[in-house]
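The values are calculated or read from the model by the stated rules, or taken from the named source; none is laboratory data. Everything numeric in this text was worked out from a predicted model, so none of it was measured. Using ideal geometry, Cβ is built from the backbone for each residue, glycine included, and neighbour counts are taken over all protein chains shown. Heads up: the accessible areas ignore ligands, DNA and RNA and are worked out on the full protein's heavy atoms, side chains in. Shrake-Rupley method; radii C 1.70, N 1.55, O 1.52, S 1.80 Å.
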Amino acid sequence: MEKGTQGSIILNGGGDLGSQEVADLNGQVHLLPCVIKYDGPCSVSDYFKPKSTGMEVEGLRLEEAHFRGRKLEGATVSIPEGYCGFVVGKKVLGKRKAADISEENSNCWEMNAIFRDITYWNHDSLPSHDDAFLRSFHWLAVAKSMHKPVAAEDLAHASTALGKME
Amino acid sequence: MASEAALPKWASEPCIMGIDEAGRGPVLGPMVYGCLYCARSYQMTLSSLNFADSKTLKEEKREELFENLKADESIGWAVDIIDPKELSAKMLKKNKINLNEISHESAIGLVANVLNMGILLTEVYVDTVGDAEKYRTKLSGRFPAVKFVVAKKADSLYPVVSGASIVAKVTRDRALQEWVLDETAENMNRNFGSGYPGDPETKAWLKNHIHTVFGFPTLVRFSWGTCTPYIKDLAEVLWESDKMDEDSSCGKKQMKLSSFGVTKSKRKSEEIESSGKGHCKFFQARKLEQLTYF
């Protein structure tokens with residue numbers, strides 16, 4: 001087994017007071033089919049201009065955009081019911097010496113923003129429910145069933161079903 | 001689009017057409033395909049209109065000739081303006097479409113449109129793109145009833161092609177002059193120059209409109225070799241779609257959250273996306289991976 005490190009994520013609104021307003025990024029979170037080796041602020045809305053195509057496939061409303069000369073085709077989907085998207089950042093631990101704030105002793109995260117929908121983009125293929133990204137949401141339902149406590153009723157059903165098979 | 005009723009009287013006479021392009025070489029702006037057609041019986045008059053290869057004419061002269069031919073009821077014309085975004089996108093697809101193919105398709109589209117309008121085309125003259133004979137075979141295959149003449153420098157050999165080259169060139173120049181940039185960033189200007197890679201004004205514009213993350217405005221043809229020297233100054237972008245080809249051969253590895261200091265992974269190889277490797281099929285198919293370090 002791989003060993004995990006200790007850490008914490010505070011999801012109650014960030015900041016020390018825990019009551020600050022959290023930025024809502026609905027309609028602004030994009031998942032691109034590439035890695036951009038850049039980390040920092042960027043005038044995204046001035047350059048990245050998604051447009052609706054007016055087409056709908058499998059209930060997905062198609063959008064298109066261009067990035068680095070490539071045409072992207074995407075769709076905006078809601079985060080499944082009961083879940084929420086979070087943008088988390090490393091918590092700043094007061095005025096300690098920089099040397100102390102190594103990754104080991106500051107594995108403490110806080111929520112900077114939330115989002116309830118996400119636009120994911122494909123290069124060269126129309127968005128569809130066969131996309132790995134949309135299929136990954138299947139896990140949520142599977143996990144729910146797997147972790148749900150087994151009730152006496154379920155056992156009864158299962159044994160009846162087994163009885164029928166025999 | 002001309003309706004049947006608006007068809008000129010000469011449309012049912014045997015007609016000739018010329019096709020030429022403008023803006024094939026530039027690093028920015030649209031590529032324009034233009035065509036000009038008229039009755040074969042008008043050919044002599046056409047020769048007297050002083051059309052010449054548009055590149056040899058001054059801008060004002062081209063504009064003047066364009067206005068003249070627009071007013072001439074014995075001449076028909078049409079253009080196909082191919083957006084630079086479309087050029088970049090096609091040339092950067094997984095299955096790349098090269099510029100020759102794009103050019104051929106544009107020319108074929110023009111011929112099809114004119115025929116659909118009800119013009120009786122019998123001969124079409126085309127400036128060649130790539131191998132002339134292959135191009136001619138392709139065109140003849142699509143339109144067996146039309147005789148195609150595909151030649152190098154057709155724009156200086158056949159007045160009908162010279163006319164088409166004026167239509168294309170003037171349209172391209174105007175399109176660039178009136179171009180509205182998609183991008184809304186400040187400090188952008190429209191001093192594109194001619195768009196040719198060697199033009200100092202174009203070079204300066206490219207240099208001033210480079211963006212670390214986005215590269216260039218969509219006016220620029222990203223697939224052009226001219227862009228390459230600038231690309232080294234940009235943030236590197238690795239595509240999932242490129243990765244599939246390179247995966248086995250070279251060391252262009254993906255990055256995962258760990259590279260951004262989010263996690264500390266013991267694994268040596270960095271990956272763009274989780275692969276679900278080593279997990280059951282359910283997770284592999286969904287590219288889901290458990291993250292134990294966070």
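Considering B:249, B:274, B:259, which residue is in contact with a Lys or Arg (Cβ under 6 Å, 6 or more places away or on another chain), outside the structural domain of residue B:87 (by TED's automatic domain parsing) and at pLDDT below 80?
Going through B:249, B:274, B:259 in turn, just one is in contact with a Lys or Arg (Cβ under 6 Å, 6 or more places away or on another chain), outside the structural domain of residue B:87 (by TED's automatic domain parsing) and at pLDDT below 80: B:274.
Return yes when residue B:85 is within 14 Å of chain A (Cβ to nearest Cβ), in a loop (DSSP other than H, G, I, E, B) and within 29 Å of residue B:239 (Cα to Cα) and no when it is not. Full working, then the answer.
Details: within 14 Å of chain A (Cβ to nearest Cβ): yes; in a loop (DSSP other than H, G, I, E, B): no; within 29 Å of residue B:239 (Cα to Cα): yes.
Here the answer is no, as residue B:85 does not meet what is asked.
For residue B:7, state whether it is touching a helix residue (DSSP H, G or I) at 6+ places or on another chain (Cβ under 6 Å) and either closer than 25 Å to residue B:136 by Cα or surrounded by fewer than 22 Cβ atoms within 10 Å (Cβ to Cβ) (or both).
Numbers: touching a helix residue (DSSP H, G or I) at 6+ places or on another chain (Cβ under 6 Å): no; either closer than 25 Å to residue B:136 by Cα or surrounded by fewer than 22 Cβ atoms within 10 Å (Cβ to Cβ) (or both): yes.
So residue B:7 does not fit the description; no.
To keep it simple, each residue is scored yes or no on (1) at pLDDT below 95; (2) surrounded by fewer than 14 Cβ atoms within 10 Å (Cβ to Cβ); (3) within 22 Å of the chain's Cα centre (by Cα); (4) in a loop (DSSP other than H, G, I, E, B).
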| site | (1), (2), (3), (4) |
| --- | --- |
| A:17 | yes, yes, no, yes |
| A:21 | yes, yes, yes, yes |
| A:27 | yes, yes, yes, yes |
| A:41 | yes, yes, yes, yes |
| A:52 | no, yes, no, no |
| A:71 | no, no, no, no |
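Please specify each residue of the stretch A:117-155 satisfying the condition of being more than 30 Å from residue A:65 (Cα to Cα), open to solvent by less than 50 Å² (accessible area, probe 1.4 Å) and modelled with pLDDT of 85 or more. Talk me through it step by step, then tell me what you get.
Filtering the stretch A:117-155 down to residues more than 30 Å from residue A:65 (Cα to Cα) leaves A:141-155.
From the residues that got through so far, the ones that are open to solvent by less than 50 Å² (accessible area, probe 1.4 Å) too are A:143, A:151.
Once the filter is applied, which keeps residues that are more than 30 Å from residue A:65 (Cα to Cα), open to solvent by less than 50 Å² (accessible area, probe 1.4 Å) and modelled with pLDDT of 85 or more, the stretch A:117-155 yields only A:143.
Mind checking whether some residue in the stretch B:157-172 is out of contact with any helix residue (DSSP H, G or I) (no Cβ under 8 Å at 6 or more places or on another chain), more than 22 Å from residue B:72 (Cα to Cα), touching a residue at least 24 places away in the same chain (Cβ under 8 Å) and crowded, with 20+ Cβ neighbours inside 10 Å?
Applying the first criterion (out of contact with any helix residue (DSSP H, G or I) (no Cβ under 8 Å at 6 or more places or on another chain)) to the stretch B:157-172 yields B:157-158, B:171-172.
Pick out the ones that are also more than 22 Å from residue B:72 (Cα to Cα) and you get none.
No: zero hits.
Residues are listed down the side, and each one gets a yes or a no for (1) more than 11 Å from every other protein chain (Cβ to nearest Cβ); (2) loosely packed, with under 14 Cβ neighbours inside 10 Å; (3) out of contact with any strand residue (DSSP E or B) (no Cβ under 8 Å at 6 or more places or on another chain):
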{"residue": "B:212", "(1), (2), (3)": "no, yes, yes"}
{"residue": "B:229", "(1), (2), (3)": "yes, yes, yes"}
{"residue": "B:232", "(1), (2), (3)": "yes, yes, yes"}
{"residue": "B:242", "(1), (2), (3)": "no, no, yes"}
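Any idea which of (1) surrounded by 20 or more Cβ atoms within 10 Å (Cβ to Cβ); (2) touching a residue at least 40 places away in the same chain (Cβ under 8 Å); (3) among the aliphatic types (A, V, I, L, M) is the one residue B:81 doesn't satisfy?
Among (1) surrounded by 20 or more Cβ atoms within 10 Å (Cβ to Cβ); (2) touching a residue at least 40 places away in the same chain (Cβ under 8 Å); (3) among the aliphatic types (A, V, I, L, M), the lone unmet condition for residue B:81 is (1).
Could you please give the count of residues in the stretch B:191-210 that are over 15 Å from residue A:68 (Cα atoms) and either within 12 Å of chain A (Cβ to nearest Cβ) or of a type in the set (Lys, Arg) (or both)?
2
So which residues in the stretch A:51-73 are under 19 Å from residue A:33 (Cα atoms) and more than 14 Å from chain B (Cβ to nearest Cβ)?
Within the stretch A:51-73, A:52, A:60, A:61, A:62, A:63 meet the criteria.
Taking residue B:43 and the conditions (1) in contact with a strand residue (DSSP E or B) (Cβ under 7 Å, 6 or more places away or on another chain); (2) surrounded by fewer than 16 Cβ atoms within 10 Å (Cβ to Cβ); (3) at pLDDT 90 or above, which numbered condition does it fall short on, given that it satisfies the others?
The number of the failed condition is (3).
I'd like the full set of residues that are under 30 Å from residue B:35 (Cβ atoms) and free of Cβ contacts under 8 Å to residues at least 40 places away in the same chain, limited to the stretch B:202-220. First the steps, then the outcome.
So the first thing to find is which residues in the stretch B:202-220 are under 30 Å from residue B:35 (Cβ atoms), and the list is B:202, B:217-220.
Within the stretch B:202-220, just B:217 meets the criteria.
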